[in-house]
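Reviewing the structure listed below.
Each reported figure results from applying straightforward, stated rules to the coordinates on display, with no laboratory input. Please read all numbers here as calculations on a predicted model, not as lab measurements. All Cβ positions, even for glycine, are placed from backbone atoms using ideal geometry, and neighbour counts span all protein chains on display.
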Amino acid sequence: MPAPSYRKATSGFLFMHDREGKNDANRESCLADQMQNNTHSFFKTLIDTTVTVELKNDIQIKGTLKSVDQYLNIKLDDIQVVEEIKYPHLSAVKNVFIRGSVVRYVHLPASAVDVPLLEDATRREAANAASKKQ
């Protein structure tokens, strides 16, 4: 059995597929949809939490997460640009709406991540995938 590799999804998150490319487009699409739904649900639990959003153009914006939709569009309030000297034109902006397709990463505070829960979910997913291959 080949070792799993990771491929970047359009939302800026990673999902697993096998290196031999045995996954067909339909299954890959289903995995991406499931991951997007899980990601959306996860971000909904982070409403009113301070996060840093890194955009594909390298701008990092820190603010309070106010809303997120199924396309991972993000609304932040009370924002601060991480490198304000580099982007002075953004210093007057207090609220932003960020299209999900321009997000590279969302940096979360450590307190917002339930590591044991994520580890357990990962183990269950791996066990389910292994049982389906047999």
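Across the stretch 70-78, coupling constants 3J(HN,Hα) worked out from phi with the 6.51/-1.76/1.60 Karplus curve, θ = phi - 60°, read 5, 8, 6, 5, 10, 10, 10, 10, 6 Hz, and Gly and Pro carry x.
Simple spin-label estimate for A112 and E54 gives 1.5 nm between the two label positions (7 Å along the Cα-to-Cβ direction from each Cα). Going by neighbour counts of Cβ atoms within 10 Å, the residues L76, L117, L46 line up, fewest first, as L117, L46, L76. The modelled label-to-label distance between Y71 and E84, using points 7 Å beyond Cα along the C-beta direction, is 3.1 nm. Each label was represented as a point 7 Å from its Cα along the Cα-to-Cβ direction; for V96 and N128 these points are 3.4 nm apart.
Note on the stretch 50-112: lysine pairs with Cα distance below 18 Å, sequence gap of 8 or more or different chains, count 9. When only Cα pairs below 8 angstrom with a gap of at least 6 residues are kept, the stretch 50-112 shows a relative contact order of 39 percent.
Taken one residue at a time, the phi angles of the stretch 43-51 give Karplus couplings (6.51, -1.76, 1.60, θ = phi - 60°) of 5, 4, 6, 9, 4, 6, 9, 7, 10 Hz. Gly and Pro are set to x.
Listed values for the stretch 126-134 are Karplus-derived 3J(HN,Hα) couplings in whole Hz (6.51 cos²θ - 1.76 cosθ + 1.60, θ = phi - 60°), namely 5, 5, 5, 5, 5, 6, 6, 6, 7, and x replaces Gly and Pro.
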